[in-house]
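See structure below.
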Amino acid sequence: MRELSFEGTTVRFGSGRSALTAVDGVDLTVPAGSVVGLVGESGSGKSTLAKAAVGLVPTTSGEIRLDGAPLRTRRDRRRLQLVFQDPHASLDPRMTVGESIAEALRGRRRSARAAEVARLLELVDLDPARARSLPSGLSGGQRQRVALARALAAEPEVVLADEITSALDVSVQGSVLNLVRDLQRRLGLTILFISHNLSVVRYVSDVIAVMYLGRIVEAGPADAVLSSPRHPYTRTLLDAAPAFGVALDDPVPADDPRLDTEAPSPHDPPTGCRFHRRCPIGPLTRPERTICAETDPQPGAPDRPHRSACHFASETLTLEVPAR
Amino acid sequence: MGRDQWRAALRNPVGAAAAGLLVLLAVLAVVAPILWGDAAEETDPAALSQGSTSEHPLGTDALGRDIMLRVLVATRYSLGLALLATAICVVAGVLLGVLPAVLGRRAGRLVTGTVNLAVAFPGLLLALFFAVIFGVGARGAVLAIGLAGAPSFARLVQTNVAAVSGRDFVAAARLAGVGRFRLVARHLLPNIGEPLVVNATVMAGSALLAFAGLSFLGLGVQPPAYDWGRLLGEGLDRIYINPAAALAPGVAVVVAGLAFTLLGESIAQVVGVRAVRRRRPPVGDQAAAAAAAGSAPETPGDTVLVADDLRVGFPAPRGGWTYPVDGVGLTVRPGETVGIVGESGSGKSLTALAVAQLAPDTADVTAARLEVAGVEPRGRPESEVRELLGTKVAMVFQDPMTSFNPSMRVGTQLAEVTRVHEGQGRRAALARAVDRLRTVRVPAPERRAHQYPHEFSGGMRQRAMVAMGLMSTPELIIADEPTTALDVTVQRQVLRLLKDVQAETGAAVVLISHDIAVVAQLCERVVVMYAGRVVEELPVGQLGAAAHPYTRALLASVPDLATDRERPLATIPGRPPDPADRPEGCAFAPRCAFADDACRVRPGLAAVAPEQRAACWHPRSQPLDLVLDVLSGGRS
Ligand SMILES: Nc1ncnc2c1ncn2[C@@H]1O[C@H](COP(=O)(O)OP(=O)(O)OP(=O)(O)O)[C@@H](O)[C@H]1O
Ligand code: SF4
Ligand code: SF4
Ligand SMILES: [Mg+2]
């Protein structure tokens, strides 16, 4: 297992007025043998980052490296394997489970292949006899296990898991998460685990990175990021996560009526700090903080705690709860 | 295309007739030349250019050969040439069609461009052009017709390949290192087979016609060989003397061509939208299952919704009926917020749709009692029910994009609701629409009202959907996974909005969600569904004392921000049963750790604590520590 690192990775789509920078100068390292969880709201560029790594979308600039060596060829990229969100779409409906997995195995004899497919199916807690089933006969959770087995069949250095539990029922989600955690510990996998669900990410990750409008705005050890977030956006996400015993009526800082309620258009990101129109401690609530709307906090991020893209990251986050 | 679909295509009367004809033609093609090949060549100097006689029912040609026999014998050559041309067309088309997927980006674009250019030429012109190039004769004509059809077939393949290429499994295969050729052979072609088969069949029909045309013009089959086209040409010279000589080969061409085309069409119909017919299950079927059904609890005071033994059935593919909603009892009091939770397929949405009288046409909805906002919909004409419920019940769906008309401005759509139901004027209705958009905190409502749904973000569309519900004063708002597609921050806003709306208007809210934490945030009471039935209902505050094993497992299996990372998550083995083969008795039994013999009888909902009912023979009584921690501890 090796270390995956993104260095200034940028992905731009389209041109002219419809141009949009889906991933904007991302620096992120997934250390060997660890799980980095990537959270952020929809459209923040999580999937695009993963697709760029495996070469499904071209990068505009920046470098993606495995143990320091840039990934260039298709062969290089095969050392990364992506598991997709929707297990109903990611398996060929016409191929048996065994055929799908075998396809990712390289240069083995027929008999050795069958044995390997059986081993992989067992690894993901499926009956090896399932090799002969078609995907249509499997439940969502089972299909996602097959997709995992197929990714592992390519003997990847790094696994990228993009929302692999969001299409699953809650009662199956748990077993897939257990499997991911278990496989990671047993095989020492290096995983970039993408999800919009903080609780899910927290359960499997060692490091958490938070993405907003194409950028990583905070990254650090999972516990530290969740217990003392350094970016107001992380705080906002934590406050909004539905949890038992938290009434909707308890207002949170992000409920301040002066703030924008939704993410700005990625076609036209705000000046300065991209979060400033939604930031509970930004210029809309504290007019003296004009710097937020004028100066981009991203360049100074490496020197701040949790690499936070916030001018005020070193302050303890004391947020005032607005009156309702 | 599965075997069942082929069978279905043949069951369709048109398809069956076409297939029957083709079989007949195939038999003729095989046997006619063997039986009558020589006889058809026999010249009869005594009977030159005769009309119909008893010996030659369709007359004879200039050399005295029997026309009927010649038409029959020509079947083989005519069909064979047409099929050969089709084969050339399909092979060339598929090759050209998949080329862009195999070649690099630039070369691929070149091929696509060339094909598009060729498609722009009229097919017949192309065929004539090729016929001249390849020279007069059967071989030239086959090549000409085959190649002339290739561009449009190639384009068909290209568009289909492009559609399949975009699917995840193709990307996954690429990532797994599957080569380009294998990708085409194993993943792309098999998944576009259906439209190709349909089109090739139709193509065979037109090739037959085109071939007849070329032969008729003298560009196709040359003497002494003959096909229908040539017979037609010869017959036409003497059409006033012996019309049958021209009509017979003409009819043969048309009938065979039609047979191919119709078969193609009926396959297409089966592959595409399957026609649904409205059916009703036999009455006995319903009564039998009503026995152990869940009934609504005693209903003191007034209610906005009472459903008792609500069942929603669909005709099963293999005959009979299945009941995705199988005896649900549900009561909602005015101003109450009730959450329905359950996994996908548990029947949550169908329950809601049935209550709002929006169940699909093919569904059969029955209930021992059903009362919505004081209206008893059963036994009333549909239009009247819609009219009555239109202003009293509001629905909010998961994907507001599909519930809005994409070509109508949002404000106009909202206004339409009041105009239809309350006969308000245009201006007044629009003013109200803007006002409601403001209520749901859509920024700049005047401007937004003039925008189209696609110009709204997901969260904003969802709010507009709530606004639409508020155009009248609903007594009941049913929200079906209203926040599932939204981010947590937006989800929170939409939930708060629902709560505010409810506080302001006093409407009752039924929130359907697979996420029990979401339901717990908004609702006072939770109804848990499993396999089409209610298995437990309880106040949100009592979730920590959930009694049904399924409810408890559901609560334990979802990680939250306080879950112990060192312990595996609780899981539920197995999967929910298919509505078509639910186990008898308790449907949860195959996955339940506490199942025993008693569970083979279906448990009804019974009180286990004040305001709490569970459908289980062995309800759990010890508190759920995990949930209790979280419930009492709140956010860390
Ligand atoms: N092929 C493409 N062409 C143009 N824009 C694209 C393309 N793919 C993605 N985008 C845009 O890039 C941005 C980032 O999208 P991406 O799918 O990476 O988001 P995400 O964080 O994975 O969201 P989700 O949680 O919904 O999966 C979005 O604005 C999206 O619309
Ligand atoms: S830089 Fe300013 S606006 Fe941006 S997150 Fe920090 S405080 Fe908020
Ligand atoms: S009735 Fe039996 S099988 Fe069903 S949930 Fe209760 S204990 Fe389990
Ligand atoms: Mg995504």
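Here are a few things to note about the model shown:
- For the range A:176-232, filtered to residues that are under 30 Å from A:GLN142 (Cβ atoms) and acidic (Asp, Glu), the residue that is modelled with the lowest pLDDT is A:ASP182.
- Which listed residue, of A:VAL30, A:VAL97, is farther than 20 Å from B:VAL170 by Cα and out of contact with any His (no Cβ under 9 Å at 6 or more places or on another chain): A:VAL30
- Complete set of residues in the range B:441-455 that are within 11 Å of chain A (Cβ to nearest Cβ) and surrounded by 20 or more Cβ atoms within 10 Å (Cβ to Cβ): B:VAL442
- Residue check for B:PRO195: more than 14 Å from chain A (Cβ to nearest Cβ), open to solvent by less than 20 Å² (accessible area, probe 1.4 Å) and part of a helix (DSSP H, G or I): no
- Residues satisfying the stated conditions in the range B:558-587, i.e. among the hydrophobic types (A, V, I, L, M, F, W, C) and either at the interface with chain A (Cβ under 10 Å from one of its Cβ atoms) or open to solvent by less than 60 Å² (accessible area, probe 1.4 Å) (or both): B:VAL558, B:LEU561, B:ALA562, B:LEU569, B:ALA570, B:ILE572, B:CYS586, B:ALA587
- So B:VAL178, is it part of a loop (DSSP other than H, G, I, E, B), on the phi < 0 side of the Ramachandran plot and either under 32 Å from the mean Cα position of the chain (by Cα) or buried (at least 22 other Cβ atoms within 10 Å of the Cβ) (or both): yes
- Positions within the range B:375-391 being open to solvent by 60 Å² or more (accessible area, probe 1.4 Å) and in contact (Cβ under 8 Å) with a residue 24 or more places away in the chain, in sequence order: B:GLU382, B:ARG386, B:GLU387
- The range A:94-125 - residue that is in contact with a Lys or Arg (Cβ under 8 Å, 6 or more places away or on another chain) and away from every other protein chain (no Cβ under 13 Å) and, of those, surrounded by the fewest Cβ atoms within 10 Å (Cβ to Cβ): A:GLU116
- Filter result for B:PRO549 (of a type outside the set (A, V, I, L, M) and surrounded by fewer than 24 Cβ atoms within 10 Å (Cβ to Cβ)): no
- Among the residues making up the range A:5-39, those that are within 13 Å of ligand 1 (Cβ to nearest atom), open to solvent by 20 Å² or more (accessible area, probe 1.4 Å) and assigned to a strand (DSSP E or B) are A:ARG12, A:PHE13, A:LEU20, A:THR21, A:ASP24.
- Only listed residue being assigned to a helix (DSSP H, G or I), open to solvent by 40 Å² or more (accessible area, probe 1.4 Å) and within 14 Å of chain A (Cβ to nearest Cβ), chosen from B:LEU143, B:LEU183, B:LEU189, B:LEU209: B:LEU189
- Among (1) more than 10 Å from ligand 1 (Cβ to nearest atom); (2) within 19 Å of A:VAL207 (Cα to Cα) - the single one A:VAL97 does not satisfy: (2)
- Within the range B:164-179, residues that are at the interface with another protein chain (Cβ under 7 Å from one of its Cβ atoms) sit with their Cβ atoms under 6 Å from residues that are among the hydroxyl-bearing types (Ser, Thr, Tyr) and crowded, with 18+ Cβ neighbours inside 10 Å, at 6+ positions apart or across chains, in these pairs: B:ASP168/A:SER90; B:PHE169/A:SER90; B:ALA172/A:SER90.
- For the range A:294-306, the count of residues that are on the phi < 0 side of the Ramachandran plot, crowded, with 20+ Cβ neighbours inside 10 Å, at pLDDT 90 or above and in a loop (DSSP other than H, G, I, E, B) is at least one.
- Filter result for B:THR484 (surrounded by fewer than 21 Cβ atoms within 10 Å (Cβ to Cβ), in a loop (DSSP other than H, G, I, E, B) and under 30 Å from the mean Cα position of the chain (by Cα)): yes
- Tally, over the range A:166-197, of residues that are at the interface with another protein chain (Cβ under 9 Å from one of its Cβ atoms) and under 15 Å from the mean Cα position of the chain (by Cα): 3
- So B:THR322, is it in a loop (DSSP other than H, G, I, E, B), at pLDDT 85 or above and crowded, with 16+ Cβ neighbours inside 10 Å: no
- Against the test of being within 13 Å of the chain's Cα centre (by Cα), more than 12 Å from chain B (Cβ to nearest Cβ) and open to solvent by 20 Å² or more (accessible area, probe 1.4 Å), the options A:ARG230, A:ARG202, A:ARG215 yield a single qualifying residue, A:ARG215.
- Answer residue from the range A:252-291, given it is at the interface with chain B (Cβ under 9 Å from one of its Cβ atoms) and more than 12 Å from ligand 2 (Cβ to nearest atom) and is surrounded by the fewest Cβ atoms within 10 Å (Cβ to Cβ) among those: A:PRO257
- When residues in the range B:91-112 are screened for being assigned to a helix (DSSP H, G or I) and open to solvent by 40 Å² or more (accessible area, probe 1.4 Å), 10 of them pass.
- Qualifying residue in the range A:43-61 (condition: in a strand (DSSP E or B), in the same structural domain as A:ALA167 (by TED's automatic domain parsing) and modelled with pLDDT of 90 or more): yes
- Breaking point among (1) open to solvent by 80 Å² or more (accessible area, probe 1.4 Å); (2) touching a residue at least 12 places away in the same chain (Cβ under 8 Å); (3) not assigned by TED's automatic domain parsing to the domain that holds B:ALA256, for B:ASP38: (2)
- Among all positions in the range A:285-303, there is at least one residue which is within 27 Å of A:VAL200 (Cα to Cα) and of a type in the set (Gly, Ala, Ser).
- Evaluation of B:GLY544 against the conditions (1) touching a Leu at 6+ places or on another chain (Cβ under 6 Å); (2) within 7 Å of chain A (Cβ to nearest Cβ); (3) not hydrophobic (A, V, I, L, M, F, W, C) shows that the sole unmet condition is (2).
- Checking each residue of the range A:82-105 against the condition of being assigned to a strand (DSSP E or B) and either more than 16 Å from ligand 3 (Cβ to nearest atom) or in the same structural domain as A:ALA149 (by TED's automatic domain parsing) (or both) gives at least one match.
- Unmet criterion (only one of (1) within 25 Å of B:GLY220 (Cα to Cα); (2) in a helix (DSSP H, G or I)) for B:ALA62: (2)
- Of all the residues in the range A:42-74, those that are under 17 Å from A:GLU3 (Cα atoms) and within 8 Å of chain B (Cβ to nearest Cβ) number 1.
- One residue stands out in the range B:343-357 among those that are more than 15 Å from B:ALA307 (Cα to Cα) and of a type outside the set (S, T, N, Q): the one that is modelled with the highest pLDDT, namely B:GLU343.
The values are calculated or read from the model by the stated rules, or taken from the named source; none is laboratory data. What you are looking at is a predicted structure, and each value in this text was computed from that prediction instead of being measured. Every residue, glycine as well, gets a Cβ built from its backbone with ideal geometry; the counts of neighbours run over all protein chains shown. Surface accessibility is based on the protein's heavy atoms, side chains included, excluding ligands, DNA and RNA. Shrake-Rupley method; radii C 1.70, N 1.55, O 1.52, S 1.80 Å.
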